[in-house]
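One structure is given below, encoded as structure tokens.
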Amino acid sequence: MASEEKATLEPRVRQSSLDDGLNPFDDIDFPELEKSLRRPRTLLSILLSTVVTGMTVLALIPLFSVVWMLLLRGGEQLRFSLFTQLPPAPLEPGGGFGNAILGTIIIVAIAAFISVPTGVLSAIFLSQTDKKNRLASAVRLAATVLTGFPSILAGVFAYSAIVLVMGGFSAIAGAVAVSILMLPTVMLTAEEAIRTVPTKMKEAAIGMGATATQTIWMVLLPTAFPGILTGVMLAVARAAGETAPLLFTALFSNYWPISGGNIELMRPTPSLAVLIYNFAGMPFENQVGLAWAASLVLVVLVLTTNLVGQSLSRRRVKE
Amino acid sequence: MPETMDANQVSRPPTTYQVFVDRFFRGLCYLFAWLSVLLVVFIVVRIATVAWPAIRQHGLGFLTGTTWDPNTGQYAILPEAWGTLYSSILALIGGSAFGVSAALFLSEGFLGDLIFRILKIFGTQFHPFWGKWPERLEDYLKNLIELLAAIPSVVYGLWGLFVVIPLIRPVCNWLHLNLGVIPLFGTSLSGPGMLPAAMVLSIMILPTITAISRDILVAVPSKLRMASYGLGATRWETILGVVLPTASRGIFGAILLAFGRALGETMALAMLIGNANVISTSLLSPANTLAALLANNFPEAGPKEVSVLMYAALVLLGITLLVNMIASAILLRASPVPEGGG
């Protein structure tokens, strides 16, 4: 199409210019318009394109190397007993990190139990309030502050507020520290999810005489549920991998966090992340191997949770 | 709510119970909103309270001294503050150069072009399935990079310890032997040190920079690009003259956000930086950061040291809060697409 137009256009222009005795193309340097390898701008383009492509490839190498090394060094250690046995003492062969997996699950579950209700209820408040409301701005500011909150400081806070007060390291202290880090993710995604519920649906409910609470529970929350769940899953994924806030709140323990059917919430509790940190610094081959295996298990856990969470909201968008 | 509908009365005012539930639930939401605000205030106040004895005892000298000795009770954090800033800035230089490059690569059609050309060889560039790959692959790669941001930092630390350090050690020692006059290579790398720490840190912040920058670059109205191409600009003249200036504020915000993350990053640094109380410009020397100091000293700290550590935590909190607030303010202003865009 384009070439046809050009062909019909050109002679006509020439014709009219011949009438004036002027050639409008005289001023144009045609070779200048063509792509030529000798011109600096072309060379610059090629150079920059190569640089950007090269840098991207270079940036991807370490990222994939992490995954590759995990599969290689973690994969060779993978065996069923890892999930059922306790961490080995130095120089002791075998062993596993069943207690750490259990501990991580306990800590994250308690943290979710704290942060999900707080986050979702605050999100309901945020989404149902005018954006200029003072308290709403304050809540949003608090969420922003917490989003960029260094994870170690959550640990420092839990140490000062719980470990010092209760007099010992515990799963509760670890969970409180982690829940602080989960809160902004849960809150901000839940707010976004509730806000994206079509106004029509809300108005229909109000028009039928539903109270605000009925509207929220029977219309807004069910509709926004996949989005809220995405936020929770992302927060859980992040929480499971957090090490710094657990280092001096939940500490670590070489024993099962459950004894005699009771979950020991007030004792030092093991977690996968802290196990990796502790064993990475050990000079013993077996423990380092376990650190790699634990990393693989942790990364698989985190990425699966992440992907499941993301797919939930993606399906919602497609609908 | 159970619907007790009889034929005569379709609508009715809410019962006392329903009104009560409504009031109660509104109050509950209000309460929890207040709780989240108070939580942040409480965190700062709590840390400051425990730090207060140390603040009174050490004052501002805490920020300028260089010794950390629990035996003599001398505490100061200048080396840690230096290490925090130095490692973060180094990581930021690497992370933003590579991160923004990757974002450009994934947003300005470089990858798409490449795939398109490969498809063209097979003559399938407009195939209903294969023809979608240029765009799809860019999306996949971006999601993948974003996913890598979710890998826990302790895993990056482990990887740095057993992969990066053995890999760069010979190179570093060669650099020290041959270029030791330059202060950057003034010491030899004995294992953990500033360079491996900064390298791993820059790899960790790269996904953040790439993901946010790419979103911002994609949001640059295509009209602007088209106008620039229409004037005869090449792709790179368009990128450098139009796209990057339009997106610059957002990219700057992304970089600042990554800076905030780098400042507060703990585990990878605690594992890789060597935990030595020195101020050195050498990339190969061990150093320490505020976050790593907290991570290493808290578990065995006595009551007096706890107070000092809380003071250090307060300093870290101040620095990261400042950087993060500036970053989110910039990103907030950068996010709306310019008028007429889309």
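Values for this structure:
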| item | result |
| --- | --- |
| Checking residue B:341 against (1) more than 25 Å from residue B:154 (Cβ to Cβ); (2) in a loop (DSSP other than H, G, I, E, B); (3) at pLDDT 85 or above, the condition it does not meet | (3) |
| Check on residue A:306, within 16 Å of residue A:108 (Cα to Cα) and either surrounded by 15 or more Cβ atoms within 10 Å (Cβ to Cβ) or not hydrophobic (A, V, I, L, M, F, W, C) (or both) | yes |
| Out of B:283, B:272, sole residue that is crowded, with 21+ Cβ neighbours inside 10 Å, within 30 Å of residue B:146 (Cα to Cα), within 12 Å of chain A (Cβ to nearest Cβ) and not aromatic (Phe, Trp, Tyr) | B:272 |
| Output for the range A:198-218, where each listed residue is among the aliphatic types (A, V, I, L, M) and either surrounded by fewer than 19 Cβ atoms within 10 Å (Cβ to Cβ) or modelled with pLDDT under 90 (or both) | A:201, A:204, A:205, A:206, A:208, A:210, A:212, A:218 |
| Tally of residues being without any contact (Cβ under 8 Å) to a residue 40 or more places away in the chain and part of a loop (DSSP other than H, G, I, E, B) across the range A:253-265 | 2 |
| Hits in the range A:87-132 (condition: part of a loop (DSSP other than H, G, I, E, B) and either more than 24 Å from residue A:255 (Cβ to Cβ) or acidic (Asp, Glu) (or both)) | A:92, A:129, A:130, A:131, A:132 |
| Matching entry among B:161, B:167 (being surrounded by fewer than 18 Cβ atoms within 10 Å (Cβ to Cβ), within 14 Å of another protein chain (Cβ to nearest Cβ), closer than 16 Å to residue B:194 by Cα and of a type in the set (A, V, I, L, M, F, W, C)) | B:167 |
| Residue within the range B:93-111 that is among the β-branched types (Val, Ile, Thr), in contact with a strand residue (DSSP E or B) (Cβ under 9 Å, 6 or more places away or on another chain) and within 22 Å of residue B:286 (Cβ to Cβ) present | no |
| Some residue of the range A:85-93 being touching a Leu at 6+ places or on another chain (Cβ under 9 Å) and away from chain B (no Cβ under 14 Å) | yes |
| Enumeration of residues in the range B:287-305 that are surrounded by fewer than 23 Cβ atoms within 10 Å (Cβ to Cβ) and either within 11 Å of chain A (Cβ to nearest Cβ) or touching a Pro at 6+ places or on another chain (Cβ under 7 Å) (or both) | B:296, B:297, B:298, B:299, B:300, B:301, B:303, B:305 |
| The range A:21-64, subset over 24 Å from residue B:231 (Cβ atoms) and either at the interface with chain B (Cβ under 7 Å from one of its Cβ atoms) or in contact (Cβ under 8 Å) with a residue 12 or more places away in the chain (or both), residue surrounded by the fewest Cβ atoms within 10 Å (Cβ to Cβ) | A:58 |
| Residues that are in contact (Cβ under 8 Å) with a residue 12 or more places away in the chain and under 21 Å from residue A:69 (Cα atoms), drawn from the range B:154-178 | B:154, B:156, B:157, B:158, B:159, B:160, B:161, B:164, B:165, B:168, B:169 |
| Search result, residues across the range B:115-151 that are over 11 Å from residue B:211 (Cα atoms) and either in contact with a strand residue (DSSP E or B) (Cβ under 9 Å, 6 or more places away or on another chain) or in contact (Cβ under 8 Å) with a residue 12 or more places away in the chain (or both) | B:115, B:116, B:119, B:131, B:133, B:134, B:135, B:137, B:138 |
| Test: residue in the range B:211-226 that is assigned to a helix (DSSP H, G or I), free of Cβ contacts under 8 Å to residues at least 60 places away in the same chain, facing another protein chain (nearest Cβ under 10 Å) and surrounded by fewer than 24 Cβ atoms within 10 Å (Cβ to Cβ) | no |
| Among the candidates A:118, A:104, residue that is under 30 Å from residue B:197 (Cβ atoms), touching a residue at least 12 places away in the same chain (Cβ under 8 Å) and hydroxyl-bearing (Ser, Thr, Tyr) | A:104 |
| Test set (1) more than 8 Å from chain A (Cβ to nearest Cβ); (2) over 30 Å from residue B:110 (Cβ atoms) - residue B:253 fails condition number | (2) |
| Residues of the range B:58-84 satisfying the condition of being touching a helix residue (DSSP H, G or I) at 6+ places or on another chain (Cβ under 8 Å) and surrounded by 15 or more Cβ atoms within 10 Å (Cβ to Cβ) | B:58, B:62, B:65, B:68, B:75, B:76, B:77, B:78, B:80, B:81, B:83, B:84 |
| Lone qualifier among A:286, A:306 - being modelled with pLDDT of 85 or more, closer than 20 Å to residue A:83 by Cα and touching a Leu at 6+ places or on another chain (Cβ under 9 Å) | A:286 |
| Which listed residue is out of contact with any His (no Cβ under 7 Å at 6 or more places or on another chain) and within 23 Å of residue B:265 (Cα to Cα), from B:182, B:168 | B:168 |
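Residues checked against (1) farther than 15 Å from residue A:288 by Cα; (2) in contact with a Ser or Thr (Cβ under 8 Å, 6 or more places away or on another chain):
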| site | (1), (2) |
| --- | --- |
| A:49 | yes, no |
| A:54 | yes, no |
| A:60 | yes, no |
| A:73 | no, no |
| A:87 | no, no |
| A:104 | yes, yes |
| A:110 | yes, yes |
| A:118 | yes, yes |
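The values are calculated or read from the model by the stated rules, or taken from the named source; none is laboratory data. Quick caveat: nothing in here was measured; it's all calculated off a predicted structure. All Cβ positions, even for glycine, are placed from backbone atoms using ideal geometry, and neighbour counts span all protein chains on display.
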